[in-house]
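Here the structure comes first, spelled out in structure tokens, and everything after it is commentary.
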Amino acid sequence: MTALKKPDTARPPLLETRDLLIKFGGVTAANNVTMQIEAGKNLAIIGPNGAGKTTFLNICTGWLKPHKGKVFLEGKDITPLPPRKIVRRGVARAFQIPQLFTEHTALENLLISAAAREGLRNPLQNLHTISQRDEMMHLLDLVHCTDVADRVVVELSEGQRKLIDIAVALALKPRLLLMDEPTSGVASSQKHEVMEILVGALSEAGVTSVFVEHDMGIVERHADEVAVWNAGNVQLRGTPREILEHPDVIRDVIGEEVA
Amino acid sequence: MDLTIFLLALFDGISYAALVFIVALGLTLIFGVMRILNVAHGSLYAIGAYATVSLTGFLLSLGFAPVLSFPLMLISAVLVGVLLGGPIEWLLLRRIYDKPEVLQLLVTFAVFMILEDVQRLVWGTQPYFQASALQALGNVTVFGVTYTVYQLILLPIVAIGLLLGLRFFLRHTVIGKLILATTEDREAAQSIGIDADRVFLFTFVVGAVLAGLGGALASPTTSILPGMGADMIVLSFAVVATAGLGQIEGAAVTALLIGLGRSFAVYVWPEVAVLVPYLIMVLVLLVRPQGLFGTSVARKI
Amino acid sequence: MSDLSQNSSSRGAVNSGSMPSMRALLTLLAVLLLAAVPFIVPSMQLLINLALAKGLAVLGVTVLLRAGQVSFGHALFFGISAYAGAFLTASLPGADIILVLIAGVLGAAISGLLVGLFVVRYRGIFFGMLNLAFSMIFWSILEKFYHITGGADGIRLTRPSVLGMALERDSFEAVVFYLSVVLMVGLGWFTLRWFASPVGQIFQTIKTNETRLEYLGLSPKRALLSGYLLSAMLCGVGGSLMAMTQGVVTPEYVWWVRSAEMVFIAVLGGAGSVRGAFIGALIYEIVRVYASAFAGDIWQLLLGSFLLVIILFAPGGIMGIVDGLMGRVSRKQHATAPEDAR
């Protein structure tokens, strides 16, 4: 890879992929994806269903191994690492279908996340008494879930679970947060408010984010940059305004959303 | 190792593999279709053996010819499948298909415990031995090694016949296709009018018949005694797990591998012979956790 | 395991503030009652001691149930510990009781680590059956290598010394009895604390979401291994106490029936409940002794049938029924602070 490196001394991008290729059966879900994600921005990924958006997140976090290509985190090759090792390097993930400990309460989910981050190993300390408890309560407050802190996850609404799922990822204090349709379970009247809070929290914590989104209104207001996915690759990339006014996007992506 | 011992070990391995395969076939068929591991499968095997011995003994005492023991094996197997397998699926398993895997395992384990005692109550703890079927077919001599026709020829033929028969049945008959469709996607199958309950009942009965048949065919070659069911469930699980759960052809290859491994060990290092199947399983699973022929599927997130 | 676990998760919401003290009081009373057994009903001492030894092993199985896993082979660690003690007293006659216990638990821990490293790659069916396979392997070894292990007859575990004293049978039995009570209380308490601790909580998430666990930067295998080691060591403690109580160790210690018995008692007591493990073991052992007179031949049949009834109709086991009764009372008062330990 050194041969390809440009002579500039600038810091490598936070996350970079080169020529990612993956096929499921006959379908090419990632078709030579080469992409750079710079620190400090909120990047929205849009595109029709089956374009390979989630697959991209899965490859970047090590859940799927690409048949070809590599993923770099700040210039270091993380392609062969399992998800947990990538997470430990500061990449957290929230899911389209929330991945929570369903028999634990909302607060406990966050406390476990904090315990994982801090590497707590004391077998005699109660999880509820760890010193990160206040911090986690604050996070719950941030996602407006304080009132359900002691409710078991199975009792929560889909929207609440989505928010807790994001809070669990934020509890890890990541540098990069990948989110798959963060507002999909949230009532449409609250979507902007939720994103407002989320983007605020991200910038306060200095977290770079990448989020897959179908709602163009959300993308327009809350993304700094947009990448348009189609047929397993980035088709276009630009500011929200550039992208949303692009005729191809209006035809291929927004058209589908309306339909 | 001279040729005679080599051939003996080879023949032992083949006949043993054929028996284990027949039992494992039922286990893996049930798992493949119903996603349930039937721990009571070992008991059905043992009961198949006991039933054959009892029925054969009874008819021989009436003066019938030993050849009759062959149809009796089939009858015993079908009885086990219908009288035991049917009610187990119908009364118990049907209530727990939507329950967690571990709970299903506990239920079939409970049935196993019950059936182990039932065997003791009916047949006692004395070993039984009934080799008239073995004697009826006589011996064959291959390269100077004399072996029973029953073990060297009949058992492998039955095993291969069942393998091919099941393959044909699943792929080329209407019922077989219904079973495969239900295996692929139970809900979709039901939505196009397939009665999944009946498919499951039928599959379970067929699997139970195979367990019973394994026991019936084993009965002339070994003494029948308590505990054989426990041994067989672990052994057939080892075969099925080594092959990959639900892999029918794979189970045949694995049974042969394990059968030969065990029989050669008997001549080389007898103390560890019973351990060989498990050693093979552990070694295979260390390298390929999904089994020799299984495919690993990444969970969708 | 959702059906077996209605009382196994660390729920606080249903427990009211008055519950922990009530529970603690009942537990204390029960322990005092147990400690008084040698004085009140000396004829029951041996029986209760065996029940406590089994209870500790059942606690090991219970730990795994908290992660939604069932092992049909945990008698392996029970037996390894017992044989380790027997070999120790054979080569070092009059070894101290604590030394015998440590040797046993160490044996269980080492074998638990080796077997655990392998089986934590699997869940559900494979986990349960591979454990069974390992116990059957060890059983065959015990039977086949009879010149070392004594085969089916087993080997004697000669009476260990206590603090350098060679005790008579009665006093030794009293020592083992109170050692068992102390271990029950200590390890029961430890296990409760462990369940509520970060490591224990992470271990229990194996049951609900390993994907999230991986995405917290943790290894599900290592999380399961931590509980597996604890469960193997608890079984080891039980096996060692049982061997010292009986004075002889046989392959029956690792026979699958013994593993099945542990699973049965764990489910009977209440899957995932620490107190349930001991209550279940006591009830089981007492019923077994009195039932063996007329139901010895159909004991497994009864167990299997009862297991089916519990799973299908009372998945919470004894502790589930108790909690149901107590919960009905306490729900009238309003719920307050969460109590994690059960």
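Structure summary
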item: Built amide H within the under 5 Å cut-off of residue A:233, gap 5+; result: A:31
item: Where only C-alpha atoms are counted, convex hull volume of segment A:91-218 per residue in Å³; result: 98 Å³
item: Low-density loop positions, chymotrypsin sites (Phe, Trp or Tyr not before Pro), segment C:58-89 - DSSP coil, at most 10 other Cβ in 10 Å; result: none
item: Hydrodynamic radius by Kirkwood, which averages 1/r over all alpha carbon pairs of the protein assembly as shown, in angstrom; result: 30.4 Å
item: 27 Å Cα-Cα threshold exceeded, pairs from A:70/C:207; A:65/A:173; B:99/C:221; A:53/A:162; A:23/A:85; A:70/A:173; result: A:70/C:207
item: Considering only the protein assembly as shown, percent of DSSP beta bridges that pair antiparallel, nearest 5; result: 60 percent
item: Nonlocal amide H pairs with residue A:95, under 5 Å, H built at 1.01 Å; result: A:180
item: Overall Cα dimensions of chain A - principal axes, largest extent first, Å; result: 53, 45, 38
item: Cα convex hull volume per residue for segment A:98-173 (Å³); result: 80 Å³
item: Loop trypsin sites (Lys or Arg not before Pro), segment B:207-301, which have at most 13 other Cβ atoms in a 10 Å radius of their Cβ (DSSP); result: B:299, B:300
item: Cα→Cβ-extended label distance, 7 Å offset, between residue B:286 and residue B:146, nm; result: 4.3 nm
item: Kirkwood Rh (inverse of mean 1/r, distinct Cα pairs), segment C:266-318, angstrom; result: 11.4 Å
item: Between 0 and 90°, nearest 10: helix B:69-79 axis offset from chain B longest Cα axis; result: 20 degrees
item: Nearest-ten-degree value, helix B:155-172 long axis tilted from longest Cα axis of chain B; result: 20 degrees
item: Radius of gyration and maximum dimension Dmax of chain B, Cα, Å; result: 19.3, 67
item: Per-residue mean of C-beta atoms belonging to partner chains within 10 Å, peptide B:271-284; result: 3
item: log10 of Debye I(q)/I(0), alpha-carbon scatterers only, for segment C:58-183 at 0.14, 0.19 Å⁻¹; result: -0.71, -1.09
item: Contact order relative to length of chain C, as percent, for alpha carbon pairs under 8 angstrom and 6 or more apart; result: 38 percent
item: Degrees separating the helix B:3-34 axis from the principal Cα axis of chain B, which is the longest one; result: 20 degrees
item: Long-range amide H partners of residue B:139 with built H, under 5 Å; result: B:149
item: Whole-angstrom Cα spans of chain C along principal axes, big to small; result: 60, 48, 41
item: Derived scalar couplings ³J(HN,Hα) [segment B:110-125; Karplus, 6.51 cos²θ - 1.76 cosθ + 1.60; whole Hz; x for Gly, Pro]; result: 4, 4, 4, 4, 4, 5, 4, 6, 4, 4, 5, 5, 7, 10, x, 10
item: Burial ordering of C:206, A:243, fewest other beta-carbon atoms within 10 Å first; result: C:206, A:243
item: Per-residue [θ]222 nm for chain B (sum of -39500 (n - 2.57) over DSSP H runs n ≥ 4, rounded to 500); result: -22000 deg cm²/dmol
item: Sparsely packed chymotrypsin sites (Phe, Trp or Tyr not before Pro) within segment B:138-179, loop by DSSP, other Cβ within 10 Å at most 13; result: B:143
item: Net charge over other residues, Cβ less than 10 angstrom from the Cβ of residue A:83 (K, R count +1; D, E count -1); result: +3
item: For chain A, built as a Gaussian network whose Cα springs stay under 10 Å, the top-fluctuating residue of A:121, A:18, A:221; result: A:121
item: In Hz, Karplus ³J(HN,Hα) per residue of segment B:89-103 (6.51, -1.76, 1.60; θ = phi - 60°; x = Gly, Pro); result: 5, 5, 8, 10, 4, 4, 7, 10, 5, 8, 8, x, 3, 5, 5
item: Rough spin-label spacing in nm, given labels placed 7 Å along Cα→Cβ, for residue C:31 and residue A:89; result: 4.9 nm
item: For A:142-151, mean number of other protein chain Cβ atoms within 10 Å; result: 1
item: Karplus-derived HN-Hα couplings along segment C:316-324 (A = 6.51, B = -1.76, C = 1.60, θ = phi - 60°), whole Hz, x at Gly and Pro; result: x, x, 4, 5, x, 5, 4, 4, x
item: Label-point separation in nm, residue C:305 to residue A:245, each point 7 Å along Cα→Cβ; result: 8.2 nm
item: Estimated 222 nm signal from helices in chain C, with DSSP H stretches of n ≥ 4 weighted -39500 (n - 2.57), rounded to 500; result: -23500 deg cm²/dmol
item: Relative contact order %, chain A, counting alpha carbon pairs below 8 Å whose residues are six or more apart; result: 26 percent
item: Two-decimal log10 I(q)/I(0) for segment A:6-91, as the Debye equation yields it once each C-alpha is a single scatterer, q = 0.11, 0.24, 0.25, 0.27 Å⁻¹; result: -0.30, -1.29, -1.36, -1.47
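No lab work stands behind these numbers, since they all come straight from the coordinates. Computed from a predicted model, the values in this text were never measured in an experiment. Cβ: placed from backbone, ideal geometry, glycine included. Neighbour counts: every protein chain shown.
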